[in-house]
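What follows is a set of notes on a single structure, which appears directly below.
What follows draws every value from the coordinates through simple rules; no lab data is involved. Bear in mind that the values here come from a model prediction, so they are computed numbers and not experimental data. As a convention, Cβ positions derive from the backbone with ideal geometry for all residues, glycine included, and neighbour counts pool all protein chains shown.
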Amino acid sequence: MNTAVKERQHLTLDQSAIDAASKSLDDGAVTPSYGPWRDDIVKLLNDALATELVCVLRYKRHYFTASGEASPAIADEFLVHANEESAHADRIAERIVQLGGEPDFDPQGLQGRSHADYDSALDLQAMVRANLVAERIAVETYRQMIALIGDKDPTTRRMLEEILTDEEEHADELKDWLGH
C-alpha cells in the first residue's frame, strides 16, 4: 500500500501576469499573456477574413445570376448566406483590431489568401455544388483554427466556434438543395 500522501495543488492566479496587465495600456485588451501567438492568430484571422469576403462575393454573384424553376427559393438562400458570411467577416475584422492587428481588405490579395474559391457558374446545381465545397472547406479550416488556437486565445476560439456552427448549417442546407 502506498502511504505517500499526494500534495493537493491549489488553483492560483499568476500575480506577475496580473501586474503586467496593468502596464502598456495602449494595447487595450491584449495583455502580455497573449505572448508570441498574437501575430499568428491575426494572420489566421486575416486568411479567414479573405475566405469570408470571397464567399460573400460568390454567393452574391450566384444570387443575382441564378435562373431556372427552383432558382427563386435557392437564390434567396444564397442572399441569406451572403449576408451571414458578411457578418462573419465583420466579426473577424473587429477581433483582428481588438488584437492590435489590421484587417486586410485589400482586393488584390483576397483570392490568394482565401481558403475557398470564387465561382462564376451559371448552372444552378453547379452553384449549389461550388457553395457546398466552399462551406465544407470553411468547416475544415475553422475546425483546424480552433484546434490550433486552443487555450491561447479563448475569445477568438469562441468566436470561431460560433462561426463554425453557422458554416455547418450552411453546408447542411446546401447538401439538401443538391438535385433540386
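Right, Leu148: buried (at least 20 other Cβ atoms within 10 Å of the Cβ) and either basic (Lys, Arg) or in contact with a helix residue (DSSP H, G or I) (Cβ under 8 Å, 6 or more places away or on another chain) (or both) or not?
Working: buried (at least 20 other Cβ atoms within 10 Å of the Cβ): no; either basic (Lys, Arg) or in contact with a helix residue (DSSP H, G or I) (Cβ under 8 Å, 6 or more places away or on another chain) (or both): yes.
Answer is no for this residue.
So which of Ala75, Ala126, Ala116, Ala121 is more than 19 Å from the chain's Cα centre (by Cα), surrounded by 13 or more Cβ atoms within 10 Å (Cβ to Cβ) and not in a helix (DSSP H, G or I)? Show your work before the answer.
Numbers: Ala75 fails: not in a helix (DSSP H, G or I); Ala126 fails: not in a helix (DSSP H, G or I); Ala116 fails: more than 19 Å from the chain's Cα centre (by Cα).
Answer to the selection: Ala121.
Do the conditions hold for Ile92, that is, is it buried (at least 18 other Cβ atoms within 10 Å of the Cβ), assigned to a helix (DSSP H, G or I) and within 17 Å of the chain's Cα centre (by Cα)? Judged against the criteria, Ile92 is a match. For segment 151-167, the set of residues classified as in a helix (DSSP H, G or I) and surrounded by fewer than 15 Cβ atoms within 10 Å (Cβ to Cβ) consists of Pro154, Thr155, Arg158, Glu161, Glu162, Thr165, listed by residue number.
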